[in-house]
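K.L.:
Pasting a structure here, questions to come.
The values are calculated or read from the model by the stated rules, or taken from the named source; none is laboratory data. Bear in mind the structure is a predicted one, so any value in this text is a computation, not a measurement. Reconstructed Cβ throughout: ideal geometry from the backbone, glycine too, with neighbour counts over all protein chains shown. To get the accessible areas, we keep the full protein, side chains included, count just its heavy atoms, and leave off ligands, DNA and RNA. Shrake-Rupley method; radii C 1.70, N 1.55, O 1.52, S 1.80 Å.
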Amino acid sequence: MTTHIDLLIIVAKTAILALGGSITYYALRAYGRTGDRSLRALGLGFGIVTVGALVGGVSHQIIGADLAVGIAINSLLTAVGFGVIVYSLYVE
């Protein structure tokens, strides 16, 4: 049975997937036009953050893993993605 918190998680993860996917798409599209490596890294970083949210949500909602496992997966991939985003700010 879906509780209110589960519904809130599903809505939030769906919004993250849509918005993060859009940012990733536009950053990689800009990279394709310009060839700027920083835009490629930016797109990759946002893609990792987005996939982290998706995998974290799927592990809890579909696979049935404990909520803490989903949060851990999400947090790890978010940290990696943010690291790539920070790197994108320094690439010339």
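K.L.:
Those residues that are open to solvent by less than 50 Å² (accessible area, probe 1.4 Å) and in contact with a Gly (Cβ under 7 Å, 6 or more places away or on another chain), I need them from segment 33-52; list them, please.
P.N.:
Listed by number, the residues that qualify are GLY45, ILE48, VAL49, THR50, GLY52.
K.L.:
Filter segment 66-83 for residues that are in a helix (DSSP H, G or I) and without any contact (Cβ under 8 Å) to a residue 24 or more places away in the chain and give the result.
P.N.:
Within segment 66-83, LEU67, ALA68, VAL69, GLY70, ILE71, ALA72, ILE73, ASN74, SER75, ALA79 meet the criteria.
K.L.:
Conditions first: (1) over 18 Å from ILE23 (Cα atoms); (2) surrounded by 20 or more Cβ atoms within 10 Å (Cβ to Cβ); (3) touching a residue at least 40 places away in the same chain (Cβ under 8 Å). GLN61 passes all but one, so which condition is the exception?
P.N.:
(2)
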